[in-house]
Amino acid sequence: MPIDPLDALQRVASNYAWTWESDLRDVLVRYTGDPMHTPPAQAVAEVTKKQLPRDRADLLAAGEKVAALEAQASSTPEIAYFSPEFGISEMLPQYSGGLGILAGDHLKAASDLKTPLVGVGLFYAHGYFAQGVKAGKQSVDYNTYQPADLGLTDTGVVVRVDTPRGPIRASVWECRVGRIKLYVLDSRVEGNDDWAWDVCDRLYGGDRQKRIDQEWLLGVGGLRALRALGIHPRVMHLNEGHAGFLLLEMLAERAGLGEDLETARAAIRDRILFTTHTPVPAGIDRFHKSLIMPFLQQVASTTGFKAKDLFALGDLPSDRAPAKKGAKPKPHTEFNMAAFALTSAGKINGVSELHGRVSQKLFGSLDEGASIGSVTNGIHSKTWIAPEAQDFFDDHLGGNWADGSAAAWKKSKKIDDASLWAMRDGLRAKLVDGLAADWGTKGLDPDALTVGFARRFATYKRAALLLSEPERLEALLADTQQPVQFIFAGKAHPADVPGQAVLAEVVKFSKSKAAKGRFAFVPGYDVRLAQLLYGGCDVWLNNPVRPQEACGTSGEKAALNGGLNCSIRDGWWAEWSFPGNGWDIPTFDVGDKGIATIEDRDAAEASALHDLFADDIVPTFHGDRPAWADRIRTGWVQLGPRVTAARMVADYKRDWYDTLGTGAAGEAV
C-alpha cells in the first residue's frame with residue numbers, strides 16, 4: 001500500500017534519526033520551510049497535503065527509510081540504559097551537559113550497531129535553563145515543553161511509585177532514536193498532588209527533596225515502566241548513580257520470591273553495570289539519613305528487609321574518615337548513591353583509563369573499588385562532524401569512516417593541503433557567519449586563528465586561566481600580523497555561585513577594550529551552537545585541574561572536524577595525546593619546585609599555556625601551514641578509529657554487556 005506523504009513527513013519528524021542522517025534533515029527543511037529552528041514535529045503539524053510539491057520522491061524515500069529503521073527496533077531489548085538526562089538534540093532540551101550528551105550519543109551508536117538496547121529517563125516539563133547574559137552576568141529562563149510537540153508518543157502506560165509524601169503517577173512516553181526506543185516518564189498526570197505534578201519540572205532543579213523524588217521516580221518508576229511495557233532486559237546499565245533506586249526495586253522483586261536481602265543482592269548483581277562519571281567526592285549524590293530513611297522504611301515494610309540494612313548499603317567508609325588520625329570514624333549519616341551502585345553491580349567502569357584509576361582510589365575504602373575498569377567515552381561522528389566535513393570525508397576516505405574504521409582514517413595521510421585548507425577555511429567562515437546571523441556575535445575574523453572553549457563553567461575547568469596573565473593575553477589579541485581570536489561559551493549551574501563568577505569574569509573581559517573584538521563570549525549554549533564551534537575552531541582549549549576531568553569529549557568532537565587540541569593531559573586526552581596531533585599543556589603539582597600553593601600551580605600552568613601560543617601554536621598556524629595540515633592529518637589517523645561512540649558501544653558490548661546476565665532470564669519472577 002503506497003505510503004501517504006503526510007504520514008511519511010510525520011514519521012521522519014518523529015524519529016530523531018534526522019539528527020545524524022542528512023537526507024532526512026534535508027527533507028524536513030524542504031517540506032516544512034523551517035531551517036531547523038522549530039521542533040520538526042511542530043513544524044510538520046502546520047503542513048497540509050496541498051502544500052506538498054508534486055515531486056515527492058525524496059519524501060517518500062525518507063519515510064520508507066525511517067519505517068525500515070523502526071521495523072528493526074528490538075522487540076526484546078537485552079540492555080536497559082538508565083540516565084537522568086539524554087542529549088539527543090537542541091530540539092529535545094532534556095540535557096544539561098556532558099552526561100546527557102554522552103547518553104544521547106550512546107543511543108545513536110547503539111542504533112547504528114543494531115545493539116538491542118532501550119533507554120529510560122525522565123521528561124522535564126521545563127527542561128534545563130535557557131541562558132542569557134544581563135548586566136554582565138548569566139541570566140536564567142525556563143520554557144515549557146509538551147512531549148507530543150517534540151515528537152514523542154504516549155504509550156498509554158501510567159506507572160505509580162509510592163513515596164513517604166504520597167504517590168507519584170507518571171505517564172510513559174516513547175521517543176524514537178533511529179532503531180532505539182527511549183522511554184521517559186512525565187509526572188504531569190491528573191490525580192497527582194501539586195508537589196508530585198512538579199516532580200519533573202526541571203532538570204537538576206529544586207532542593208534535596210525534589211532530587212530524591214526525581215531519582216526515586218527514575219529508578220523505581222523506570223523499571224516499572226519497562227515491566228508494564230513487557231520489556232525484561234538481561235542487563236541494567238546505570239549511567240551514574242542517579243538511577244540507583246532501580247536496584248531497590250530489583251531487590252523488592254526478588255523479595256517477592258521469598259529471598260532474603262543477601263540472596264537477593266547476589267541474584268541481581270550479575271545483571272548490573274554501573275558507570276561512574278565523577279573523579280571527585282563532591283560530585284557524588286548523597287542523601288542524609290533523615291531524608292532517605294522514610295523511603296527505605298517503606299521498602300522494608302513491603303519486603304521484610306530491615307531499613308537499617310538497606311541504609312548500610314549506601315555506606316562509603318571514606319566518607320566517615322576521622323578528621324584527626326587516631327580518632328573514631330564519623331557516624332554513617334549519609335546514603336552514598338555511588339557506593340550503593342558500586343557494591344550492587346557486577347561490573348563497574350570509569351569513562352577513561354585515567355578516570356578508572358582515579359576511581360579505584362576514590363572508592364578504595366570499598367572492596368569493589370579495586371575492580372573498577374574503564375571504557376573511554378566516544379562521540380557519535382555523524383552528529384558532531386559538520387556536514388561539509390562529512391562530505392569531505394566521503395570523498396577522501398570512502399565508507400566506514402563514521403564507524404571508526406582504521407583503514408578509512410588511514411587514508412587521511414593522502415589528503416592534499418589545498419583540499420584540507422579549503423575545507424577548514426570554509427568551516428571557520430561558516431562559524432563566523434553563523435555567530436553573526438544567529439547569535440548576534442559580530443566582528444570576528446574568518447581568517448584569524450580561532451580558539452574555542454565551550455563547556456560547563458565549573459570552577460575546576462578554569463575557564464579564566466588565560467585571563468590570569470592579562471598583559472600576555474592583550475598582546476596576543478593585539479597582533480595584527482598573526483591574528484588570533486577566542487570564542488567562549490557554556491553554562492554555569494544556577495546554584496553554582498563560584499562557577500557563575502568565573503563566567504562573569506570571562507564576559508567582562510570579552511566586553512573590555514583589551515579584548516579588541518577578538519575575545520567573545522556567546523550566550524545561549526546548546527547543541528546547535530556547540531556543533532558550529534566544533535566545526536569552525538582551529539584549536540580546542542581544555543585546561544582543567546588534573547585529574548578532575550573524567551573524560552571530556554568536546555575535544556574529540558573538535559578533533560574529527562580538523563581542530564587541534566591544546567589540553568591538560570586529563571580525561572581522554574591523557575591516553576590519546578600522541579606526538580604531532582595537538583599540544584599538551586604542562587602540569588605542576590603542589591610540592592614541585594616553586595609550587596607551594598594551588599595558586600602557584602595555576603599561575604605556572606597559565607604561563608605554560610601562554611608559552612605554547614606564543615612559541616608554537618600561533619607561529620605554526622600563520623607561518624607554516626603545511627606543518628599545521630600535517631598535524632590535522634596525524635590527528636585524524638590516530639584519533640578517528642578511537643574517539644567514536646561506535647567504538648565505545650562496541651567496547652561495552654564485548655567487555656561488559658555480553659559478560660553480564662548470562663545466567664539470568666531478566667524476568668521479574
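Data overview
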item: Any hit, segment 282-293, residues being more than 20 Å from A345 (Cα to Cα), open to solvent by 10 Å² or more (accessible area, probe 1.4 Å) and modelled with pLDDT under 95; result: yes
item: Output for segment 14-30, where each listed residue is in a helix (DSSP H, G or I), more than 15 Å from E64 (Cβ to Cβ) and of a type outside the set (D, E, K, R); result: Y16, T19, S22, L28, V29
item: Within segment 143-159, tally of residues that are open to solvent by 40 Å² or more (accessible area, probe 1.4 Å), under 20 Å from Q42 (Cα atoms) and among the aliphatic types (A, V, I, L, M); result: 1
item: Pick from segment 160-213, criterion acidic (D, E) and buried (at least 16 other Cβ atoms within 10 Å of the Cβ), ranking: nearest to L248 (Cα to Cα); result: D213
item: Qualifying residue in segment 568-579 (condition: over 18 Å from L102 (Cα atoms) and crowded, with 24+ Cβ neighbours inside 10 Å); result: yes
item: Only listed residue being open to solvent by less than 60 Å² (accessible area, probe 1.4 Å), within 26 Å of K210 (Cα to Cα) and among the hydrophobic types (A, V, I, L, M, F, W, C), chosen from A327, A300, A321; result: A300
item: Positions within segment 228-260 being open to solvent by 40 Å² or more (accessible area, probe 1.4 Å), over 18 Å from Q298 (Cα atoms) and in a helix (DSSP H, G or I), in sequence order; result: A228
item: One residue from P35, P53 being under 24 Å from W439 (Cβ atoms) and open to solvent by 40 Å² or more (accessible area, probe 1.4 Å); result: P35
item: Single condition S405 does not satisfy, out of (1) at pLDDT below 95; (2) open to solvent by less than 50 Å² (accessible area, probe 1.4 Å); result: (1)
item: Extreme residue, most open to solvent (accessible area, probe 1.4 Å), among residues of segment 441-496 that are among the aromatic types (F, W, Y) and more than 24 Å from G426 (Cβ to Cβ); result: Y460
item: Residue match in segment 519-528 (condition: over 26 Å from the mean Cα position of the chain (by Cα), without any contact (Cβ under 8 Å) to a residue 60 or more places away in the chain, surrounded by fewer than 21 Cβ atoms within 10 Å (Cβ to Cβ) and over 28 Å from G206 (Cβ atoms)); result: no
item: Residues satisfying the stated conditions in segment 261-271, i.e. within 23 Å of I292 (Cβ to Cβ), in contact (Cβ under 8 Å) with a residue 12 or more places away in the chain and open to solvent by 50 Å² or more (accessible area, probe 1.4 Å); result: R269
item: Where D201 falls short, out of the listed (1) closer than 24 Å to G283 by Cα; (2) assigned to a strand (DSSP E or B); result: (2)
item: Subset of segment 541-580 [within 17 Å of V451 (Cβ to Cβ) and either in a strand (DSSP E or B) or touching a Lys or Arg at 6+ places or on another chain (Cβ under 8 Å) (or both)]; result: L541, N542, N543, P544, G552, S554, G562, L564, N565, C566, S567, I568
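The values are calculated or read from the model by the stated rules, or taken from the named source; none is laboratory data. Fair warning: this is a prediction, and the values are worked out from it, not measured in the lab. Counting neighbours? That spans all protein chains shown, and the Cβs are built from the backbone with ideal geometry, glycine included. Surface accessibility is based on the protein's heavy atoms, side chains included, excluding ligands, DNA and RNA. Shrake-Rupley method; radii C 1.70, N 1.55, O 1.52, S 1.80 Å.
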